Amino acid sequence: MSPRTAPSLDDWRRALTRFVKVLPHCRELGLEVHDVTAQSICLRQPWHDDLLGDRMRGLVHGGVLTMLLDTACGSAVLRGLPAPEVCPTLDLRVDHYRPAVVGRDIFIEARVVRVTESVVFTEGSLWQVPEKPVARGIGNFARLGDRNTPHGLVEALFADEVLDA
């Protein structure tokens, strides 16, 4: 990516992959960037036995679902701002519709709904079967701005070298 051109969707896919792989829990669970569009991002969590919370009934732990929604909404924030900046989660509400079950990948789509000077508002949904949501999340993220964003964040996200897994 040239410093004078806006990042392409492929540039964003690589940058968000880099972001997700920097998070130890996401890296260990194998979370992947599935799709990036102008309006949203979609992550895929491949099935992993460590996702289970109820082994007897074969159900995914609710904390895992919350983490996935938080990560997807946070990734959407990076994509939704004029330039990436540090934006910690202020709050995250999760509505659970049905349990996520053993053996199926989990998909998480998120998008930015509104950006203000101090807060980024997002929403996300999570499913294993298309058109059958498992949960939805509403996340709000605090904008810390240039002053509190580490120097070189944008360059690190869009670096050309491949991040080791």
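The values are calculated or read from the model by the stated rules, or taken from the named source; none is laboratory data. These figures come from a predicted structure and were not determined experimentally. Heads up, the Cβs are rebuilt from the backbone with ideal geometry, glycines too, and the neighbour counts pull from every protein chain shown.
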Inset, instruction - Would you check if there is a residue in the stretch 90-108 being part of a strand (DSSP E or B), exposed (fewer than 15 other Cβ atoms within 10 Å of the Cβ), touching a Phe, Trp or Tyr at 6+ places or on another chain (Cβ under 9 Å) and not charged (D, E, K, R)? - result: yes
Inset, instruction - Could you grab the pairs with beta carbons closer than 7 Å, sequence gap of 6+ or different chains, first residue in the stretch 6-19 and under 9 Å from VAL36 (Cβ atoms) and assigned to a helix (DSSP H, G or I), second one among the hydrophobic types (A, V, I, L, M, F, W, C) and modelled with pLDDT of 90 or more? - result: LEU9/VAL36; TRP12/VAL36; ARG13/VAL33; ARG13/VAL36; LEU16/VAL33; LEU16/VAL36; LEU16/ILE41; LEU16/LEU78
Legend entry - Residues within the stretch 118-152 that are touching a residue at least 40 places away in the same chain (Cβ under 8 Å) and charged (D, E, K, R), tallied: 4
Inset, instruction - Determine which member of the set THR66, THR17 is buried (at least 16 other Cβ atoms within 10 Å of the Cβ), at pLDDT 90 or above, over 26 Å from THR116 (Cβ atoms) and of a type in the set (S, T, N, Q). - result: THR17
Inset, instruction - For ASP49, indicate whether it is touching a residue at least 24 places away in the same chain (Cβ under 8 Å) and among the acidic types (Asp, Glu). - result: no
